[in-house]
Amino acid sequence: MDGSDGIRKGEAMKEIGLVEDALVAVDGGKVVYAGPADGAPSIEAAEVIDCEGKLVTPGLVDPHTHLVFGGSREHELALKQQGVPYLEILKQGGGILSTVQATREADEEELFEKASFHLDRMLSYGITTMEAKSGYGLDADTELKQLRVIKRLNETKNADIVSTYLGAHAIPNEYKGRSQAFLDEMLELMETVKEQELAEFVDIFCETGVFTVEESREYLTKAKEMGFDVKIHADEIDPLGGTEMACEVGAISADHLVGTSEEGIRKLGETDTIAVLLPGTTFYLNKNEFAKAREMIEGNAAVALATDFNPGSSPTENLQLIMNLAALKLRMTPEEIWNAVTVNSAYSIGRGEQAGKIREGRKADLLVWDAPNYLYVPYHYGVNHVRTVIKNGKTLFERGERVGKVSVS
Ligand code: IZC
Ligand code: ZN
């Protein structure tokens with residue numbers, strides 16, 4: 001799949017650059033030919049993978065994950081069943097704050113091992129490039145600990161992991177009622193994050209009981225002045241207007257957007273802020289209203305999709321399931337969905353020129369699917385359809401199983 005350059009907005013999300021009877025040649029971990037088998041130059045191959053007429057795509061790009069955390073939150077399921085809302089659990093010191101406690105208590109090695117486990121599962125589902133956030137420390141030591149784990153994962157694992165500093169994810173107990181003082185501390189820490197080159201992006205949770213639109217605007221503006229690109233958790237639960245603000249400050253992405261207003265949708269169409277939608281979270285929070293993907297795409301927005309992998313509101317590493325939910329709940333077409341997990345998701349984490357397409361000169365991040373065509377994956381739900389995961393030209397997984405001698409660490 002290749003097609004046009006740049007972010008795919010609105011109508012352009014219909015393009016997928018499909019090639020029938022294709023051949024992809026790889027050398028030194030890079031793609032050296034991608035196109036019709038007929039027109040291919042003669043190639044002497046050391047190894048040939050016969051894809052048997054099946055679908056081959058770029059590695060998937062997951063642009064919103066909370067990959068590194070301590071503990072888990074299965075005890076919250078009973079509260080959810082009793083109808084206790086997500087923000088109420090947080091208000092009572094649970095939710096994000098319970099993960100903060102567990103992450104503060106875990107040492108760096110434990111966090112690394114735990115995140116490696118989840119990362120391997122993501123890879124087995126075909127995610128070869130992803131974003132990962134801090135945000136379960138809410139203090140200098142733990143935020144830096146999480147960011148160091150992300151850096152080490154990126155350096156030692158066969159996956160590209162882009163790092164986001166989310167110190168402004170919740171207000172910790174020690175700052176209860178003093179959000180500005182807490183943001184000031186997180187701003188100070190941002191300078192260290194910059195000096196130590198531990199993150200490319202800065203993110204904030206703009207939500208009722210967490211940070212207001214005005215606090216978020218000021219915080220993200222300062223982050224931009226420090227040289228970060230910015231992202232935002234906006235309009236996830238309550239429609240506060242974070243989407244409009246994200247477009248105004250020139251955020252690279254605005255994420256969630258379940259309650260985005262008409263005005264917010266219009267602004268997404270007019271700017272290059274990418275709408276990263278997380279239907280798995282809406283499903284898992286048991287909500288009936290999903291993000292208005294159709295209106296966004298018809299209004300010329302660029303839409304991407306992500307797992308939002310986290311221990312509270314979206315415990316899944318399966319981006320293919322998110323593709324199914326996008327088809328059913330967001331009414332996105334198969335073409336739009338493929339763009340949303342490849343080209344647009346890559347651009348939403350600053351990797352649009354490196355990942356998300358099979359193109360000569362790029363890393364050979366390829367998936368062979370047990371699927372006869374591209375319509376099949378958004379249709380057949382709940383399982384892993386990837387037959388072969390190839391990262392940098394190396395086969396890592398076959399039908400979900402790690403391949404022989406290839407070391408993932
Ligand atoms: O741990 O609940 N929404 N942050 C904002 C989350 C979900 C992650 C969590
Ligand atoms: Zn999130």
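No lab work stands behind these numbers, since they all come straight from the coordinates. A quick note: this is a predicted structure, and the numbers were derived from the prediction, not measured. Glycine gets a Cβ as well: all are built from the backbone with ideal geometry, and neighbour counts include every protein chain shown.
Remark: the stretch 333-347, residue by residue, has Karplus-estimated 3J(HN,Hα) of 7, x, 5, 4, 5, 4, 4, 6, 10, 10, 4, 5, 5, 5, 4 Hz, where x stands for each Gly or Pro and the curve is 6.51 cos²θ - 1.76 cosθ + 1.60 at θ = phi - 60°. Just check the stretch 338-409 against the gyration tensor rule for me: Cα atoms, a ≥ b ≥ c as the square roots of the eigenvalues, rounded for a/c under 1.5, and otherwise prolate or oblate depending on whether a/b exceeds b/c. Because a/c hits 1.5 or more and a/b fails to exceed b/c, the stretch 338-409 counts as oblate.
The relative contact order of the chain, computed from alpha carbon pairs under 8 Å that lie at least 6 residues apart in sequence, is 22 percent. If you average the alpha carbon positions of the stretch 285-356 and of the stretch 173-189, how far apart do those two centres end up, in angstrom? Between the Cα centre of the stretch 285-356 and that of the stretch 173-189, the gap is 32 Å.
Net charge in the neighbourhood of M13 (other residues with Cβ under 12 Å of its Cβ; Lys, Arg +1, Asp, Glu -1) is -1. The string of couplings for the stretch 250-258 from the Karplus curve (6.51, -1.76, 1.60, θ = phi - 60°) is x, 4, 5, 8, 10, 10, 5, 6, 5 Hz, one whole number per residue in order, with x for Gly and Pro.
Counting only helical runs of four or more DSSP H residues, what would the 222 nm mean residue ellipticity of the chain come to if each run contributes -39,500 (n - 2.57) and the total is spread over all its residues? List each step's numbers first, then the result.
Numbers: 15 runs with 141 residues, N = 409.
That calculation yields -10000 deg cm²/dmol at 222 nm.
Please label the shape of the stretch 173-277 as rounded, prolate or oblate, based on the square roots a ≥ b ≥ c of the eigenvalues of the alpha-carbon gyration tensor (a/c under 1.5 means rounded; beyond that, a/b larger than b/c means prolate, else oblate).
Oblate is the answer for the stretch 173-277, as a/c is 1.5 or above yet b/c matches or exceeds a/b.
Students often check this: by mean Cβ neighbours within 10 Å, which of 335-345, 220-230, 289-299, 174-184 ranks highest, and how do the rest follow?
Values: 335-345: 27.7, 220-230: 17.4, 289-299: 19.8, 174-184: 13.8.
Order by mean packing, descending: 335-345, 289-299, 220-230, 174-184.
Below 8 Å, C-alpha to C-alpha, sequence gap of six or more: please give me the relative contact order for the stretch 274-409 in percent.
Working: 219 pairs, mean separation 25.7, N = 136.
It rounds to 19 percent for the stretch 274-409.
Evaluated with a Cβ-only charge set (Lys, Arg +1; Asp, Glu -1), the stretch 317-405 carries a dipole of roughly 240 debye about its Cα centre, given to the nearest 20.
Under 8 Å for C-alpha pairs, at least 6 residues apart: give me the relative contact order for the stretch 1-86, rounded to a whole percent.
Numbers: 45 pairs, mean separation 14.8, N = 86.
Once divided by the residue count of the stretch 1-86, the mean separation gives 17 percent.
Please compute the net charge surrounding E88, taking Lys and Arg as +1 and Asp and Glu as -1 over other residues with Cβ under 12 Å from its Cβ.
Values: positive: K80, K91; negative: E76.
Every neighbour counted, the sum reads +1.
Taking a ≥ b ≥ c as the square roots of the eigenvalues of the Cα gyration tensor, an a/c ratio of 1.5 or more together with a/b larger than b/c marks the stretch 18-125 as prolate.
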